[in-house]
1. When a/c reaches 1.5 or more, the comparison of a/b and b/c decides; with that in mind, is the range 113-213 rounded, prolate or oblate per its Cα gyration tensor?
2. How many nm is it between the label spots at residue 53 and residue 41, if each spot is 7 Å from the Cα in line with the beta carbon?
3. May I ask you to derive the FRET efficiency for residue 220 and residue 129 from their Cβ-Cβ distance with R0 = 30 Å, giving the value to the nearest 0.05?
4. Checking the a/c ratio against 1.5 first, then a/b against b/c, what shape does the Cα gyration tensor give for the range 19-106?
């Protein structure tokens with residue numbers, strides 16, 4: 001029973017203390033100080049002065065703001081508006097500055113993003129690693145420069161007949177063609193794999209293509225000349241052989257010459273068939 005009454009008394013004590021702790025204090029002097037420290041207003045310096053016949057009669061005012069108050073209190077009351085959140089307060093200025101900085105940062109971010117996109121585009125266009133994906137290379141120059149890109153001397157020799165190979169080797173045309181094609185192939189690989197502006201890369205492709213066409217034209221003419229030269233030598237040797245046989249025939253006359261020419265023309269006709 002004693003414990004019960006003791007518990008009731010303790011609960012009543014704590015309730016009374018807690019109830020007093022949450023009592024809201026509504027002091028006008030505190031409220032006026034809070035107003036001066038934020039944005040509400042600058043002023044309302046309590047306590048207010050009271051005069052009787054022109055004489056200050058409020059002792060609290062004299063001790064707080066008047067001639068009995070410390071000098072810093074009078075300077076504070078008569079000084080400028082120093083509210084941090086006032087119209088010209090430091091915190092207000094700081095927030096305005098932050099807002100302007102946010103706008104400036106947004107502009108700088110947009111400029112930076114634009115520069116970054118431009119740089120990425122230039123890297124994509126200029127990188128040698130991505131040159132094989134260039135649309136102009138895929139649609140045109142890859143086909144036109146295939147002979148340069150895939151050039152190989154052994155494959156070129158395999159496409160020639162023995163007579164053409166012998167004739168081109170003797171005249172030095174084969175060595176010239178190999179040097180020209182090897183040089184153009186090295187230039188093409190350099191333009192294809194190096195990092196450079198896309199316009200410069202395309203111009204390099206075009207110059208190589210024009211040189212390749214000239215070299216290829218000369219090469220084809222050399223092949224035709226080698227074939228004709230071999231045919232001429234073959235015909236000449238046959239004619240020489242027939243002539244040597246005719247000289248040994250008895251009763252050589254003009255009819256033998258006619259027979260030799262007919263034989264030569266017949267051989268040429270059969271060869272062309």
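1. Verdict is prolate for the range 113-213.
2. Distance between the two pseudo-spin positions: 3.3 nm.
3. 0.25
4. Taking the square roots of the gyration eigenvalues as a ≥ b ≥ c, the range 19-106 is oblate.
Laboratory data are not the source of any read-out in this text; all were calculated from the coordinates shown. In this text the structure is predicted, and so the values were computed from the model without any measurement. Backbone-built Cβ (ideal geometry, glycine too); neighbour counts: all protein chains shown.
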